[in-house]
Amino acid sequence: MEDWTSLCNDKDTEAIVLSKMREIGLSAHLKYAVQSKIKDQNVQISDLEETVHASVNTPELQTLLKNAVYKEVISLQNKVGIDGSELRPLCKEPLDFVRVAEEEWEATLRQGINTLAIEKNLPLCKERSPSESEQLRRKWNSIGSNFPGLHEMNPIYSPKDFLEVLTRVRNSNYNPGVDCGGLMKLNVNVKSLTQLRMLFSSLHPSNLQMENSLSRNGGVEYNEKAEKVLQHELCPLARELCKGGCPVGLRRELWGRALTLNTSSPEDVKKIAANDDNFFVFEDNMHQVLLCFLHDNTMLPHFDHLSVTPMKAFKTGHSGDPHYQTVYPPSGIIPFHGFSIFLAPLCFMFDRADRLYALFREMYLRYFVHLHCISSHPQGILGLCCQFEHLLQCKQPELTEHLRKIGAEPLRMAFDWLMTAFAGHLETRQLLLLWDRIIGYNTLSLLPVMAVSVFEFRATNLFKATTLTEAETVLSDLRCLNILPLLQQTLFM
């Protein structure tokens, strides 16, 4: 297991983590435990120091302390942008040209939302009346069937729109002589194949994976290992096990532990997820979760460390009055066409909307948000696109050249996979196995590797394609793919 505590060796980092421990009340919890033991045992002053040490060295408190520190360290890693060995400043966006691109994109989104509101005569910000609130409460458990006319609502943007914006991002010192001839015209640091092999070394075929264990003894040995990890209740151990994949019956608990958890618009759900028979039964849960997600203003502090600036709107009847200006939507997240597809696979893990929401919220804030904003974060969509083009050029230079000759730019065909983290493309069981590894390695860098592996796997048929349409047909259906052998082939063969 990696030494995640090494980050705490820095004094500034240590101070940040200690400060967070006080904020969440952990210090008070430890003090109370010590005081209780001293009071119960009538400890003498001469034995005080020894008793204090013994009080905080109980297995229960040690586990609590380790998990709390781990949670803050991982949170700090994600904010400063640690991905492998990369580190960036703790700020919204350090690169001027990226910040300008994000601001222009946000202006486009604002214009789109305002235009839609005017066309449909809908207020952006309006408080519900008591009767409207009561009606929503009464219909909460059947909320999926109570949104008439949603088919008339057009999405604000699609993955295709976003890609066009990303391909126009340029840094001032761009050198065309060192890129791979793709759509991305950025000189950014990407990982070499050797670095990727080191980062994902646990995926090597010589190491036991959950998928392999099923063919050996029905997965009994791996399940026993997972159960022991859960018994220890240590978050780093759960995350380490996720690198090898999670048993279906224990995935919910393992993800919750690894993510340090305590236990789109509705139209988008209907048009995207509810049209899939696999997800139709979860429609009400998805409406509930997404409605809560878009209204959850507790997510706003996370924007302090993201390049995104939440959009603002005036409450109905108070246009132009800054006292009545508020973030819209309240969560600050503007969903794109297909947004609900992130939530649909998670519905297989939970039968309660509140628990489903807690997991979805954490997954989005920790990982998926980086796929939908323009930033220089190592796990941001800009870097992932560059990583995909670099790795495909490295592994399949002839295939890359062939596809470009027939007008089938690889990134255009793979971008939807990257932006959705393969949700809606892979079969659900395989998708969750991929997300196991994203949680285990705590990085989205596996997405471009997976994308390249699909091109490699379908290379024979792609070479036969003579048009863009034929190439797209070859890559159109990924539901029969098993992710593990493909990832291993790309990384280690």
query: How far apart, in nm, are the 7 Å Cα→Cβ label points at Thr108 and Asn175?
result: 2.9 nm
- prompt: Leu300 to Ser158: FRET efficiency via 1/(1 + (r/R0)^6), r the Cβ-Cβ distance, R0 25 Å, to the nearest 0.05?
  reply: 0.45
task: Extending each Cα 7 Å along its Cβ direction at Glu233 and Val100, get the distance between those two points in nm, one decimal.
output: 5.4 nm
- request: State the volume of the convex hull built on the alpha-carbon positions of the stretch 172-232, expressed per residue in Å³ and rounded to an integer.
  value: 167 Å³
message: Give me the base-10 log of I(q)/I(0) for the stretch 332-378 at each q in 0.20, 0.21, 0.29 Å⁻¹, Debye formula, one uniform scatterer per Cα, rounded to two decimals.
response: -0.72, -0.78, -1.18
- prompt: Over the Cα atoms of the stretch 300-432, how large are the radius of gyration and the largest Cα-Cα distance (Dmax), in Å?
  reply: 18.8, 61
statement: Diffing the stretch 331-338: the Karplus 3J(HN,Hα) column from phi (6.51, -1.76, 1.60, θ = phi - 60°), in whole Hz with x for Gly and Pro, holds 6, x, 9, 9, x, 9, 5, x
- prompt: If amide H atoms are built 1.01 Å from N in the plane of the peptide, which residues on other chains or at least 5 residues away come under 5 Å of the amide H of Lys312?
  reply: Tyr328
- request: Report the label-to-label distance for Met349 and Thr467 in nanometres (one decimal), using points 7 Å from each Cα along the Cα→Cβ vector.
  value: 4.2 nm
task: Please compute the net charge surrounding Asn461, taking Lys and Arg as +1 and Asp and Glu as -1 over other residues with Cβ under 14 Å from its Cβ.
output: -2
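FYI, it's all coordinate maths here, none of it is from the lab. Keep in mind the model is a prediction, meaning the values are calculated, not measured. Ideal geometry is used to build each Cβ from the backbone, glycine not excepted, and the neighbour counts take in all protein chains shown.
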